[in-house]
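Asker: Mind looking over this structure? Questions follow.
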Amino acid sequence: MKTTKRILALLLSLVLCFAAPAAAAADRVWPTKEFKKAKAWWLSPAALNAYVWLMAKSIGDQGNSDSLLVLYQGQLVYEHYSKDNSAATRFPVYSVTKSVVSALVGIAVGEGKIKGADQKVIDFFPEAKIAPGQEWKRDMTIEHLLTMTSGIVCDTEEKWELVEGAGVKDSALAAFELPQSNAPGKKWAYDSAAPTILLGIVQRATGRDVLSYAKEKLFGPLGVTSVQWSATPGGLPRGGSGIQMTARDMARFGYLYLNNGRWEDQQIIPASWVAQTPPKSHRPRAYGYLFWRNHLDALGSSYGALGYQGQYIWIAPAQDIVLVRTSLGK
């Protein structure tokens, strides 16, 4: 692993060593309708592809990329698609969906619909049945869900049938009512129950259908038009792994975070929410607010959204870069 890290760092230095400093806010390019393409003489496609391939392999994902994009200072300086794919291809992004959920929670906080990450989850589910011995569930906060420390783990088919079965009308409530293995804040466990509950909170807090809310408050202002979001039988979008979108629209989402939640002249997500998003430490896990820290450290202070089989939106503020990669595992 140490050798791999050194190779990755060397390759990345070849890719980025001549990149200019981050552009000032007044000079930003906003790809709301169209992407401006530019050539980056300092970017080596061979080094970039080798870096991404090694990064994917080192963490057990697929090495082959179906799309690979580099957005530098808001301009597309690299865009490549494998055979049969194009800028119009919608890719399943799997758990990148979770990071979109975090953005929607942040938007609802900014609008005052949700008090903040420290608000109790039970506030939104007063009708929930708290099983005997599970009284600590009343102490669960939104932040526990955002950091995967709620104590709820939906890790079997039987549990998911309780959450997303054909007769379940409210998946978020059903997920919240699942038993906890420990008190909130005691243990980290990666899981898709948390974003399901969070989407239920957004729906209850705003009184809106989640997808229409997302289109108005998030996707629409960014010019994102490609999103397809599968839903549970009860109608709630799947928070853990339900979105399909183009690589370019993935780049738009990453660029929003690169710009601290601002898009053109509008603050989409509160800057304070974005500032809390990057995990500050590798302990206990390099994870927070449904984003991952760059666990290989090759991109310095970068962080991003990560999905099964190697779907990435990496955000590198110091380099002013968003890197998007999708893989269908072929």
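The values are calculated or read from the model by the stated rules, or taken from the named source; none is laboratory data. Just so it is clear, the structure is predicted and the values come from calculations on it, not from any experiment. For neighbour counting, all protein chains shown are included, and Cβ atoms are generated from backbone atoms with ideal geometry for every residue, glycine included.
Asker: Could you give me the residue pairs with C-beta distances under 7 Å whose first residue belongs to the stretch 131-151 and is surrounded by 14 or more Cβ atoms within 10 Å (Cβ to Cβ), whose second residue is assigned to a helix (DSSP H, G or I) and of a type in the set (S, T, N, Q) wherever it lies, and which are 6+ apart or on separate chains?
Answerer: Leu146/Ser102
Asker: Right, here's the next one. Test Asn49 against the stated conditions and say whether it is more than 15 Å from Ala251 (Cα to Cα), modelled with pLDDT of 90 or more and not aliphatic (A, V, I, L, M).
Answerer: no
Asker: Being within 25 Å of the chain's Cα centre (by Cα), part of a loop (DSSP other than H, G, I, E, B) and of a type in the set (A, V, I, L, M, F, W, C) is the filter here, so list the residues in the stretch 162-193 that pass it.
Answerer: Leu178, Trp188, Ala189 - these are the residues of the stretch 162-193 that are within 25 Å of the chain's Cα centre (by Cα), part of a loop (DSSP other than H, G, I, E, B) and of a type in the set (A, V, I, L, M, F, W, C).
Asker: Looking at (1) touching a Leu at 6+ places or on another chain (Cβ under 7 Å); (2) not in a strand (DSSP E or B), which is the one condition that is false for Val77?
Answerer: Of the numbered conditions (1) touching a Leu at 6+ places or on another chain (Cβ under 7 Å); (2) not in a strand (DSSP E or B), the odd one out for Val77 is (2).
Asker: Any chance the stretch 278-287 includes a residue that's crowded, with 23+ Cβ neighbours inside 10 Å and in contact with a strand residue (DSSP E or B) (Cβ under 9 Å, 6 or more places away or on another chain)?
Answerer: Within the stretch 278-287 (the criterion being crowded, with 23+ Cβ neighbours inside 10 Å and in contact with a strand residue (DSSP E or B) (Cβ under 9 Å, 6 or more places away or on another chain)), the answer is no, since none of the residues qualifies.
Asker: Would you mind telling me which numbered condition in (1) outside any loop (DSSP other than H, G, I, E, B); (2) touching a helix residue (DSSP H, G or I) at 6+ places or on another chain (Cβ under 6 Å); (3) of a type outside the set (S, T, N, Q) Val224 fails?
Answerer: Every listed condition holds for Val224 apart from (1).
Asker: Scan the stretch 116-130 for residues that are surrounded by fewer than 21 Cβ atoms within 10 Å (Cβ to Cβ), aliphatic (A, V, I, L, M) and within 16 Å of Val105 (Cβ to Cβ) and jot them down.
Answerer: Answer for the stretch 116-130, where residues must be surrounded by fewer than 21 Cβ atoms within 10 Å (Cβ to Cβ), aliphatic (A, V, I, L, M) and within 16 Å of Val105 (Cβ to Cβ): just Ala117.
Asker: Something else about it: Looking only at the stretch 102-150, how many residues end up being assigned to a loop (DSSP other than H, G, I, E, B) and closer than 12 Å to Trp273 by Cβ?
Answerer: Summing the residues that are assigned to a loop (DSSP other than H, G, I, E, B) and closer than 12 Å to Trp273 by Cβ in the stretch 102-150 gives 4.
Asker: Might you let me know whether the stretch 15-23 holds any residue that is buried (at least 17 other Cβ atoms within 10 Å of the Cβ), modelled with pLDDT under 95, of a type in the set (Gly, Ala, Ser) and not in a loop (DSSP other than H, G, I, E, B)?
Answerer: Checking the stretch 15-23: not a single residue is buried (at least 17 other Cβ atoms within 10 Å of the Cβ), modelled with pLDDT under 95, of a type in the set (Gly, Ala, Ser) and not in a loop (DSSP other than H, G, I, E, B).
Asker: Still on this model: Is it the case, given these coordinates, that Asp84 is crowded, with 16+ Cβ neighbours inside 10 Å and not hydrophobic (A, V, I, L, M, F, W, C)?
Answerer: no
Asker: Kindly indicate the residue of the stretch 62-98 that is of a type in the set (Lys, Arg) and under 20 Å from the mean Cα position of the chain (by Cα) and also nearest to Leu328 (Cα to Cα) among those meeting that condition.
Answerer: Within the stretch 62-98, the match that is nearest to Leu328 (Cα to Cα) is Arg90.
Asker: Counting just the residues of the stretch 235-256 that are assigned to a loop (DSSP other than H, G, I, E, B) and within 13 Å of the chain's Cα centre (by Cα), which one comes out surrounded by the fewest Cβ atoms within 10 Å (Cβ to Cβ)?
Answerer: Ser241
Asker: Output the residues belonging to the stretch 206-233 that are of a type in the set (Gly, Ala, Ser) and buried (at least 21 other Cβ atoms within 10 Å of the Cβ).
Answerer: Ala214
Asker: Could I ask something else about it? Here are some conditions: (1) touching a Gly at 6+ places or on another chain (Cβ under 7 Å); (2) modelled with pLDDT under 85; (3) not small (Gly, Ala, Ser). His282 meets all but one. Which one does it not meet?
Answerer: It fails just one condition, (1).
Asker: Here's a follow-up. What pairs come up if the first residue lies in the stretch 257-282 and is part of a strand (DSSP E or B), the second is at pLDDT below 95 and surrounded by 13 or more Cβ atoms within 10 Å (Cβ to Cβ), and their beta carbons are under 8 Å apart, counting only those six or more places apart or on different chains?
Answerer: Within 8 Å, no pair qualifies.
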